[in-house]
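S.K.: Have a look at the structure that comes next, please.
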Amino acid sequence: MPASDTPYQDLTPDTILEAVESTGLHTDGTLLALNSYENRVYQVGIEDRAPLVVKFYRPGRWSDAAILEEHAFTRELAEHEIPVVAPLVDVQGTTLLQHAGFRFALFPRQGGRAPDLERADQLEWLGRFLGRIHRVGAATRFQHRPCIDIETLGRGSQAFLLHSHFLPPELAPRYREVSQLLLAGVERSFERAGNYARIRLHGDCHPGNLLWTDAGPHFVDFDDCGTGPAVQDLWMLLSGPRADMENQLGHVLQGYRQFADFNPAELWLVEALRSLRMLHYAAWIARRWHDPAFPRAFPWFDAPRYWEEHIQALREQLPLLDEAPLALDA
């Protein structure tokens with residue numbers, strides 16, 4: 001495996017093209033880096049056919065079994081005619097490939113634009129497909145994928161940051177205090193939600209992972225798929241004041257409920273999941289800081305001002321955890 005402190009230092013353009021050609025394809029030498037931080041993703045030109053997308057998985061992040069489980073889930077969804085971008089199967093019948101110490105997968109290129117989440121028809125359309133994804137996701141369980149829960153996203157993130165060098169010493173007590181209060185509020189929210197169903201889901205269904213075409217949406221990047229509450233795939237489609245989010249949620253659920261049931265008690269988790277994402281995001285950047293791409297992409301991260309603003313954002317999140325959940329018309 002490449003060195004963990006600079007995981008992609010040996011992933012040169014030649015290595016990328018050689019990896020693709022190791023599958024029996026013939027590249028035309030063209031290469032375009034696509035936006036991705038966790039992994040490395042490129043569009044590669046192929047002779048006499050459409051370009052493909054190659055994704056090189058971050059060394060050491062997922063086991064082979066976890067990646068193959070992600071692939072199997074997306075291919076299962078594709079078999080149900082759900083518009084996901086699933087990995088291609090090579091002549092040996094596998095989706096997870098290796099070259100020069102890197103694990104990679106090939107995907108068809110899928111164009112598209114960001115969805116317009118202010119349009120009721122697009123929200124309902126997304127809801128229909130999310131309902132279908134969750135209906136398939138509820139049919140069986142993951143064995144190797146992570147859980148979307150307080151321990152994984154919350155306490156683990158808090159502990160990592162408190163033991164890292166990123167928190168300025170003078171701000172560490174404030175971060176410890178507010179993060180403890182936030183995690184206590186998250187626990188209360190999960191208690192209010194009760195015994196909700198835990199299903200296989202996308203896990204990171206923000207607008208950047210949705211591509212819209214004239215034929216409708218496509219769901220991409222299942223790299224964070226895991227087990228959790230259905231609302232995890234819904235809340236990131238909501239934004240703005242409370243009344244706007246309730247209106248958006250109504251449109252999403254109008255489509256969703258055509259294919260899957262939705263437990264309204266999960267709405268207690270919306271702000272809890274947002275809080276966990278805030279904690280996890282800061283820890284994610286810190287965990288990846290050794291990767292040269294991260295200081296270039298997030299130059300503001302390693303500075304006291306960021307931590308002051310982060311702590312304030314966590315503090316502002318606290319009262320939202322004890323507000324009544326978003327209301328549904330019916």
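No lab work stands behind these numbers, since they all come straight from the coordinates. Quantities reported herein were computed from a predicted structural model and do not represent experimental measurements. Neighbour counts run over all protein chains shown; Cβ positions are idealised from the backbone, glycine included.
S.K.: With +1 on each Lys and Arg Cβ and -1 on each Asp and Glu Cβ, and nothing else charged, work out how big the dipole of the chain is about its Cα centre, in Debye to the nearest 20.
M.R.: Once rounded to the nearest 20, the dipole reads 480 debye.
S.K.: Between residue 114 and residue 49, what length in nm is gained on full extension when 0.36 nm per residue of separation is reduced by their alpha carbon distance?
M.R.: Separation in residues times 0.36 nm, less the Cα-Cα distance, equals 20.8 nm.
S.K.: Can you compute the helix-only [θ] at 222 nm over the chain? Use -39500 (n - 2.57) per DSSP H run of at least 4 residues, normalise by all residues, nearest 500 deg cm²/dmol.
M.R.: Taken over the chain, the calculation gives -12000 deg cm²/dmol.
S.K.: Classify the range 148-241 from the C-alpha gyration tensor, please: rounded if a/c falls under 1.5, else prolate or oblate depending on whether a/b exceeds b/c.
M.R.: prolate
S.K.: Who wins for biggest fluctuation among 215, 272, 159 in a Gaussian network model of the chain, springs between alpha carbons below 10 Å?
M.R.: Highest fluctuation among the options: 215.
S.K.: List every DSSP H helix in the chain whose Cα atoms extend 27 Å or more along the helix's own long axis and whose mean Kyte-Doolittle hydropathy is at least 0.0.
M.R.: Once both thresholds are applied, nothing remains.
S.K.: Right, something else. Looking at the P(r) of the range 155-303, how many percent of alpha-carbon pairs lie beyond 26 Å? Don't skip to the end; give the middle numbers.
M.R.: Details: 4040 of 11026 pairs.
Tail fraction, whole percent: 37.
S.K.: Once you order the gyration tensor axes a ≥ b ≥ c over the Cα atoms, which shape class does the chain get: rounded for a/c under 1.5, otherwise prolate or oblate by comparing a/b with b/c?
M.R.: Verdict is oblate for the chain.
S.K.: Viscosity 1.002 mPa s, temperature 20 °C: what is the translational diffusion coefficient of the range 51-127 from Stokes-Einstein with a Kirkwood Rh over Cα pairs, rounded to a whole number of µm²/s?
M.R.: 149
S.K.: For the residue pair residue 64 and residue 242, what label-to-label distance in nm results when each label sits 7 Å from Cα along the Cα-to-beta-carbon direction?
M.R.: Distance between the two pseudo-spin positions: 5.2 nm.
S.K.: So, one more: What distance in nm separates the two pseudo spin-label positions at residue 100 and residue 26, each 7 Å out from Cα along the beta-carbon direction?
M.R.: Simple spin-label model gives 2.2 nm for this pair.
S.K.: Starting from the 7 Å offset along Cα-to-Cβ, what nm value, one decimal, do you get for the label separation of residue 80 and residue 327?
M.R.: 3.3
S.K.: Still on this structure: Quick one: length gained pulling residue 141 to residue 184 fully straight, 0.36 nm per residue minus the C-alpha distance?
M.R.: Using 0.36 nm per residue and subtracting the Cα-Cα distance, I get 12.6 nm.
S.K.: Only four residue types carry charge here, +1 at the Cβ of Lys and Arg and -1 at the Cβ of Asp and Glu. Report the dipole size of the range 133-186 about the Cα centre in Debye, rounded to the nearest 20.
M.R.: 280
S.K.: Here is a follow-up. List the chymotrypsin sites (Phe, Trp or Tyr not before Pro) within the range 256-308 that fall in a DSSP loop (any state other than H, G, I, E or B) and whose Cβ has at most 13 other Cβ atoms within 10 Å.
M.R.: On the way: sites: 256, 259, 262, 268, 281, 284, 289, 300, 301, 306, 307; in loops: 259, 262, 289, 300, 301.
Sparse-neighbourhood loop chymotrypsin sites (Phe, Trp or Tyr not before Pro): 300.
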